[in-house]
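The values are calculated or read from the model by the stated rules, or taken from the named source; none is laboratory data. Treat the numbers as computed from the prediction; the structure is a model and nothing was measured. Glycine also receives a Cβ, built like all others from the backbone with ideal geometry; neighbour counts cover every protein chain displayed. The protein model used for the area step is the full one, side chains on, heavy atoms only, and it has no ligands, DNA or RNA in it. Shrake-Rupley method; radii C 1.70, N 1.55, O 1.52, S 1.80 Å.
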Amino acid sequence: MSEPTAQPLVEPLVQAQAEVAELLSDLIRIDTTNTGSTATSAGERKAAEWVAAKLDEVGIPSQIFESETGRASLVARIPGQDRSKPALLVHGHLDVVPADPAEWSVHPFSGEERDGYIWGRGAVDMKDMDAMVLALVRDWARTGVQPPRDIVLAFLADEEAGGALGAHFMVDEHPDLFADCSEAISEVGGFSITVHDDLRLYLVQTAEKGMGWMRLTVGGKPGHGSFVHDDNAVTRLAEAVARIGNHKFPLTLTPPMREFIAAVEDAYGIEIDAAEPEVALARLGGLSRMIGAALRNTANPTMLEAGYKANVVPGTASATVDGRFLYGQEEEFERQLDSLMGEGVRREWLVHNPAVETTFDGPLVDQMVAALKAEDDGARPVPFTMSGGTDAKSFQRLGMRCFGFSPLRLPPDLDFAALFHGIDERVPVESLKFGIRVLDRFLRNA
Ligand SMILES: [Zn+2]
């Protein structure tokens, strides 16, 4: 890999580091709850307009696009020194998942600063990155920093419902805005796991599993609940759901996870049983649930629907299953599902998005590694596969290499994975400042 290019900082990001917490708080206060339906979702338009105003203050023009009323995404372009080079896309979503104030220690849309953290829905998913990027480009604009190549900024709607009204829409309707982007960075990656005082793994996402949300439907003979029934749709569906829910798909080590496991072995000085890596990976604590899901395909039944009265056998029953498959595993996943479902069960996709994977190499990765190491002596960046899906699925359709790189140095004892869509979601202010410094080094050289 290339040597870190240790450019002296023109300005030590004073303004960016000073305002990032406030920017994040302000953005959290704009409730952008995505319920999955436009009728009950809100705030994306307001958030996009707020971003536009923050960019406008420093002279960065932007455009807002609506897929449906209120479902707004914003795109801006920062011209690079060499405009003939392919551009780099930096994208983040503006929407958040719902939060119930009754369950939280602070109001989830208060953006309160407490104990060195900014609290609120979106603090790690992913208004933190939105705020870091905004703070950085505002600082650059004020101090005259120009990146080596064009940077396209996209702040998107609807990621939390699969992105149909955000990233999918933008890629379908306005591909020209991204046509020259060769790579993209966004969530979920770049955060640290502390091995010991002098060593932290930084997990950079180079792959994410595909999504296969599906509905299973079984037809049967309807009739009176008191009769003898040999063709009961509820019973047949329940059997299929139980088989799927209890099934453990075979262990499949994809290239990013092989690299990840090797790095964990090295960092902890342990040997991991390749046939049963979950046992050793349990030491990663809360993260092991996310990491463990990247070692095999999964299918979790999540919803059931059948019947309307205690003494009526319904003619049909259906279930929803959240399926996730690894890169290159889609066919095998479907084959196994079909055999688990059994006779007479129909399957249809509700959401069907491909798996994404790229390699952990090349000049862009070298710059991520260099930027992390420059800000943290003990940084050891490693690739990993994310179990969930992000807007990367849309942008990779345009041929971009997609990375999860939203850098955060985290306190050793923070259960970061639990904060995603979790109660008391929060992010340390110091982590945001660290993230800005890393992004600055990275984007000045990327
Ligand atoms: Zn997210």
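Observations
- Summed over segment 120-173, the residues that are open to solvent by 20 Å² or more (accessible area, probe 1.4 Å), within 19 Å of the chain's Cα centre (by Cα) and more than 16 Å from the ligand (Cβ to nearest atom) give a count of 1.
- Reported count of residues in segment 30-60, each being crowded, with 17+ Cβ neighbours inside 10 Å and assigned to a helix (DSSP H, G or I), is 9.
- Per the listing 408, 419, 414, 443, the residue uniquely within 26 Å of residue 97 (Cα to Cα) and away from the ligand (no atom under 16 Å from the Cβ) is 414.
- Every residue from segment 352-377 that is at pLDDT 95 or above, open to solvent by 30 Å² or more (accessible area, probe 1.4 Å) and assigned to a loop (DSSP other than H, G, I, E, B): 359, 360, 361, 377
- Residue 101 closer than 30 Å to residue 147 by Cα, open to solvent by 10 Å² or more (accessible area, probe 1.4 Å) and of a type outside the set (Lys, Arg): no
- Conditions (1) open to solvent by 50 Å² or more (accessible area, probe 1.4 Å); (2) in the same structural domain as residue 87 (by TED's automatic domain parsing); number of the one not met by residue 178: (1)
- Matching residues in segment 218-231 - criterion: being touching a helix residue (DSSP H, G or I) at 6+ places or on another chain (Cβ under 9 Å) and open to solvent by less than 40 Å² (accessible area, probe 1.4 Å): 218, 219, 220
- Residue match in segment 338-351 (condition: within 23 Å of residue 93 (Cα to Cα), within 16 Å of the ligand (Cβ to nearest atom) and part of a helix (DSSP H, G or I)): no
- Residues of segment 381-403 satisfying the condition of being away from the ligand (no atom under 16 Å from the Cβ) and surrounded by fewer than 19 Cβ atoms within 10 Å (Cβ to Cβ): 397, 398, 399
- Note on segment 175-215: residues that are of a type in the set (Phe, Trp, Tyr), assigned to a strand (DSSP E or B) and away from the ligand (no atom under 16 Å from the Cβ) amount to 2.
- Considering segment 322-351, the residues that are of a type in the set (D, E, K, R) and under 22 Å from the mean Cα position of the chain (by Cα) include one that is most open to solvent (accessible area, probe 1.4 Å), namely 330.
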